[in-house]
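Q: I have a structure I would like to understand better, so I am pasting it below and will then ask my questions one at a time.
The values are calculated or read from the model by the stated rules, or taken from the named source; none is laboratory data. Not measured: the values here are computed from a predicted model. Note that each Cβ is placed from the backbone with ideal geometry, even for glycine, and that neighbours are counted across all protein chains shown.
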Amino acid sequence: MKRIRKIILNLILFIALIVLTFSIIFKDQDMSQMLSIVQSVKKEFVLVGILCMFLFISCEAINIGRTLKELGEKSSFYRNLKYALIGFFFSSITPAASGGQPMQIYYMHRDRISVSSSTLALLVNLTSAQIVTISVALISLIFNYSYMNGVLITFFIVGVLLNASALSLLLISIYSKRLSTGLINFAIKVMKFFRIKNIQEKQEKLQNELNKYHDSAMYIRNNRRIVLRIILTTYIQYLTYYSITYWTYRAFGFSEHSIFKIITMQSVLYATVSGIPSPGAVGVSEGGYLAIFETIYPKATLSGAMLLNRGINFYLFVAFSAIVVIINAMRGKKEAKKVND
């Protein structure tokens, strides 16, 4: 019940942020004119953008499945796609994307995948994503520095530092057994403080999971080829994601700027906003887009381009992943009812 209440509160916060963001951005805009501009775009490029977003999610599923297979877990591509979409939804509606991985672990555990394996698989994926985000953004900044004003440069530095800090913690959690053991000891102290029952049993379970996790982590560390394949797939994943901004640009009938230029600009924007602890980076993504791409689009088209771009690479898939979450929640209730009966 507490989990459901928390999800509902996060959804309310998420929707409130969307309403506030768009009311500020579009307060001086003629919405009917803007919607007519969006409706007049070339649909084939919109379709390419949507397909790129599906490929982005599919790459996530491929990497999850790849790591789970290496760790001896059985999982189909369909299930991995489900985990990727569930992670996308809960990361989108929670501050700093904090809800994605815990919910993925929960659904994997429900499908009989061990917590140690699912945790490591997601940590490896997240580490790879941080490496790609930071490296592509730093290279891209060289080509796009002239488009960045003082405020954007400040946000970019903050965003990269936050992502780099997250990357450091992820690497420590994979490589440092001492830190993980310390975290378990801290968790046991907290449980003792709150006088939780069966502490000894819980400690043994945590220790067993930790031992499994470190055995799996050792395997991953000693098989660098799998890590390189995951990172390569992640580069494809994020470059595909960044290219959606180019297909939006083409959908409005523009072709003056190259796909390389648009992708590098989008990668700088993503690194700038991804570390901001706002659900789905709502508000900062929209504002950042308007600031970075104001020299690319005519003034009359810019807001419509932002609306379409965010619609394809975020809002559409939040809605789609929400449907996946609802379907799986309903199935879970049916399965629990059958067990009880």
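Q: Within the stretch 13-29, which residues are at pLDDT 70 or above and among the aromatic types (F, W, Y)? If you could, list the steps in order and put the result at the bottom.
A: At the first step, the residues of the stretch 13-29 found to be at pLDDT 70 or above are 13-21, 23.
Listed by number, the list holds a single entry, F14.
Q: Of all residues in the stretch 106-122, which are surrounded by fewer than 20 Cβ atoms within 10 Å (Cβ to Cβ), free of Cβ contacts under 8 Å to residues at least 60 places away in the same chain and part of a helix (DSSP H, G or I)?
A: Correct list: Y106, H109.
Q: May I ask you to list the residues in the stretch 38-88 that are over 23 Å from A319 (Cα atoms) and of a type in the set (A, V, I, L, M, F, W, C)?
A: Once the filter is applied, which keeps residues that are over 23 Å from A319 (Cα atoms) and of a type in the set (A, V, I, L, M, F, W, C), the stretch 38-88 yields L68, L71.
Q: Here's a follow-up. Kindly evaluate L47 against the criterion of being more than 28 Å from L162 (Cβ to Cβ) and touching a Ser or Thr at 6+ places or on another chain (Cβ under 9 Å).
A: Values: more than 28 Å from L162 (Cβ to Cβ): yes; touching a Ser or Thr at 6+ places or on another chain (Cβ under 9 Å): no.
Spelling it out, it is not the case that L47 is more than 28 Å from L162 (Cβ to Cβ) and touching a Ser or Thr at 6+ places or on another chain (Cβ under 9 Å).
Q: Restricting attention to the stretch 254-310, which residues are among the basic types (K, R) and surrounded by 20 or more Cβ atoms within 10 Å (Cβ to Cβ)?
A: Once the filter is applied, which keeps residues that are among the basic types (K, R) and surrounded by 20 or more Cβ atoms within 10 Å (Cβ to Cβ), the stretch 254-310 yields only R310.
Q: Hey, any hits in the stretch 319-335 for a residue that's of a type in the set (D, E, K, R), free of Cβ contacts under 8 Å to residues at least 40 places away in the same chain and either closer than 22 Å to L35 by Cα or buried (at least 16 other Cβ atoms within 10 Å of the Cβ) (or both)?
A: Checked the stretch 319-335: no residue is of a type in the set (D, E, K, R), free of Cβ contacts under 8 Å to residues at least 40 places away in the same chain and either closer than 22 Å to L35 by Cα or buried (at least 16 other Cβ atoms within 10 Å of the Cβ) (or both).
Q: Would you check which residues across the stretch 295-320 are over 26 Å from the mean Cα position of the chain (by Cα), of a type outside the set (S, T, Y) and part of a helix (DSSP H, G or I) and list them? Even if it seems obvious, please write down each step before you answer.
A: Here is the first cut: in the stretch 295-320, the residues over 26 Å from the mean Cα position of the chain (by Cα) are 295-301.
Applying the additional criterion that residues be of a type outside the set (S, T, Y) yields 296, 298-300.
Of everything in the stretch 295-320, those that are over 26 Å from the mean Cα position of the chain (by Cα), of a type outside the set (S, T, Y) and part of a helix (DSSP H, G or I) turn out to be K299, A300.
Q: What pairs come up if the first residue lies in the stretch 133-148 and is farther than 13 Å from Y270 by Cα, the second is loosely packed, with under 14 Cβ neighbours inside 10 Å, and their beta carbons are under 7 Å apart, counting only those six or more places apart or on different chains?
A: Y147/T295
Q: Suppose we filter V132, V158 for residues that are farther than 22 Å from S321 by Cα and crowded, with 19+ Cβ neighbours inside 10 Å; which single one remains? Walk me through how you get there before you give the answer.
A: Details: V158 fails: crowded, with 19+ Cβ neighbours inside 10 Å.
From the options V132, V158, the qualifying one is V132.
Q: From G87, G49, grab the single residue that is crowded, with 18+ Cβ neighbours inside 10 Å, more than 17 Å from the chain's Cα centre (by Cα) and either under 25 Å from Y241 (Cβ atoms) or at pLDDT below 90 (or both). Walk me through it before giving the result.
A: Values: G87 fails: more than 17 Å from the chain's Cα centre (by Cα).
On inspection, the qualifying residue turns out to be G49.
Q: I'd like to know if the stretch 58-67 contains one or more residues that are touching a residue at least 24 places away in the same chain (Cβ under 8 Å), crowded, with 21+ Cβ neighbours inside 10 Å and farther than 26 Å from T248 by Cβ.
A: Yes - at least one qualifying residue is present in the stretch 58-67.
Q: Can you pull out every residue in the stretch 281-305 that is under 15 Å from T245 (Cβ atoms), in contact (Cβ under 8 Å) with a residue 24 or more places away in the chain and of a type in the set (A, V, I, L, M, F, W, C)?
A: Correct list: L290, A291, I292, F293, I296, A305.
Q: Every residue in the stretch 264-294 that is among the aliphatic types (A, V, I, L, M) and part of a helix (DSSP H, G or I), please. Before the answer, list the steps.
A: Taking the stretch 264-294 first, the residues among the aliphatic types (A, V, I, L, M) are 265, 268-269, 271, 273, 276, 281-282, 284, 290-292.
Hits for the stretch 264-294 are M265, V268, L269, A271, V273, A281, V284, L290, A291, I292.
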